[in-house]
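Below: one structure, written as structure tokens.
The values are calculated or read from the model by the stated rules, or taken from the named source; none is laboratory data. These numbers were taken from a predicted model, which means no experiment stands behind them. Quick reminder, even Gly has a Cβ in these numbers, built from the backbone with ideal geometry, and neighbours come from all protein chains shown.
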Amino acid sequence: MGLSSAQRLKRQRDFDAVFQRGRKLVHKRLILWMLPRPDAELARLGLSVGKRVGNSPRRTRVKRLLREAWRARRPELPGTVDAVLLARPGQAPEDLAQALDALDELLRRAAQPPRARGERTRRRRPRGAHRPTDEHAAAPTQRSPSASPPADQGRKHPTPARPAPSDPAPDA
């Protein structure tokens, strides 16, 4: 039993409304946007499975898995919503169990109140920062000014060394 026409998002303006005003929840396999619709009778689902997910049979299978997972979890939805599920390239669910796990996690987070913008649940290290290991726990060493690289290092086309000016011949 598939989703009826009334249970699907079909028009671009419906997708745009969910993307612009809805809440975005991210999982490693899926991204879910949800927009509450208190005046509606049915929850609606839109799917987005891009070409980067795979070839046509792969994308069709992913869409089928996502629709089945949505049907299985429809009774647990927080009211009537418009939702868009986006399969992430390289991480899309391979089977129904993965699709259900990802959707369960997203719906669990959707049931919680949204955090304030910019608020984080844990502190993150800046990009490029690494956790020191026991053997490298010492403070980083500083370079001495005498250890500066030669002026030509790093240049695409280093300037050639100039010959030393020759001494004029002494008058005898």
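Residue by residue through the stretch 41-55, note down the ones that are on the phi < 0 side of the Ramachandran plot and either modelled with pLDDT of 95 or more or within 22 Å of the chain's Cα centre (by Cα) (or both).
First, pick out the residues of the stretch 41-55 that are on the phi < 0 side of the Ramachandran plot: 41-53, 55.
Matches in the stretch 41-55: 45, 46, 47, 48, 49, 50, 51, 52, 53, 55.
Identify all residues within the stretch 56-96 that are farther than 16 Å from residue 2 by Cα and more than 22 Å from the chain's Cα centre (by Cα); write none if there are none.
Matches in the stretch 56-96: 56, 57, 76, 77, 78, 79, 80, 81.
Residue check, residue 24 against (1) without any contact (Cβ under 8 Å) to a residue 12 or more places away in the chain; (2) over 19 Å from the mean Cα position of the chain (by Cα); (3) under 16 Å from residue 107 (Cα atoms), all met but one. Which one?
(2)
Give me a count of the residues in the stretch 54-92 that are in a helix (DSSP H, G or I) and of a type in the set (S, T, N, Q).
We begin by selecting, within the stretch 54-92, every residue in a helix (DSSP H, G or I); these are 56-76.
Of the ones still in play, those that are also of a type in the set (S, T, N, Q) are 56, 60.
Of the residues in the stretch 54-92, 2 are in a helix (DSSP H, G or I) and of a type in the set (S, T, N, Q).
Cβ-Cβ under 6 Å, sequence separation 6+ or interchain: first residue in the stretch 37-54 and in contact (Cβ under 8 Å) with a residue 24 or more places away in the chain, partner loosely packed, with under 14 Cβ neighbours inside 10 Å. Which pairs?
Close Cβ pairs (under 6 Å, with a partner that is loosely packed, with under 14 Cβ neighbours inside 10 Å) amount to 42/6; 52/89; 53/89.
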